[in-house]
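The values are calculated or read from the model by the stated rules, or taken from the named source; none is laboratory data. Predicted model, so just to flag it, every value in this text is computed and none were measured. Here Cβ is always computed from backbone atoms with ideal geometry, including for glycine, and neighbour counts include all displayed protein chains.
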Amino acid sequence: QMLAHGRTDISQRHASSLSARQNAGLTSLRLRGGERTFAMLKPDVASDERIVGEIKARIADAGLTIERERRCSLSRRQCKRFYAEHKLRPFFGALVDFMSSGEVVMFELSGDGAILAWRGLLGPTNTGVARKEAPRSLRALYGTDATRNAAHGSDSTSSASRELRLMF
């Protein structure tokens, strides 16, 4: 799979193991500036400009570029659509309530290994685990519980493609 600038960013073996749809998403996320991912600061964090500034500095320090940024309030409908994969989980209602309770800040990030780099900054989803295992992670520093865990990050290229399409 040849991409922009004549580089081969995906091994043929790996690319051939993906469905055509997954491969198309992976390719579109890698065309310029390395891999792309979706990042979202949740309402409790997005409401504090000092914390937003600190997180943006951490993003830059990690070698990631903010390609697009958007601050907005999400409707309950948007939250339900965004978190549809969790609709049968017991925390779904509380998550929708929280995510629609105030403004969020969304980013399209780019860079080499952007998905893993952003998820590395986030740390474990559970803030208690994050405080023990990754005390400098964003969730350890700014999260309060499993729902109010500071930020969201795409977990795969297909998720990143879907989330970027939904939110930008």
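Taking the options ALA150, ALA130, ALA140, ALA146, name whichever one is at pLDDT below 95 and either of a type outside the set (D, E, K, R) or buried (at least 21 other Cβ atoms within 10 Å of the Cβ) (or both). Walk me through it before giving the result.
Working: ALA150 fails: at pLDDT below 95; ALA130 fails: at pLDDT below 95; ALA140 fails: at pLDDT below 95.
Within the list ALA150, ALA130, ALA140, ALA146, the selection yields ALA146.
Being in a helix (DSSP H, G or I) and crowded, with 18+ Cβ neighbours inside 10 Å: is that true of SER110 here?
Details: in a helix (DSSP H, G or I): no; crowded, with 18+ Cβ neighbours inside 10 Å: yes.
It is false that SER110 is in a helix (DSSP H, G or I) and crowded, with 18+ Cβ neighbours inside 10 Å.
Enumerate the helices (runs of 4 or more DSSP H) found wholly within region 36-98, keeping only those where 3 or more residues are at pLDDT 95 or above, more than 16 Å from SER137 (Cα to Cα) and out of contact with any Phe, Trp or Tyr (no Cβ under 9 Å at 6 or more places or on another chain).
Of the helices (runs of 4 or more DSSP H) lying wholly inside region 36-98, those with at least 3 residues that are at pLDDT 95 or above, more than 16 Å from SER137 (Cα to Cα) and out of contact with any Phe, Trp or Tyr (no Cβ under 9 Å at 6 or more places or on another chain) span 76-82.
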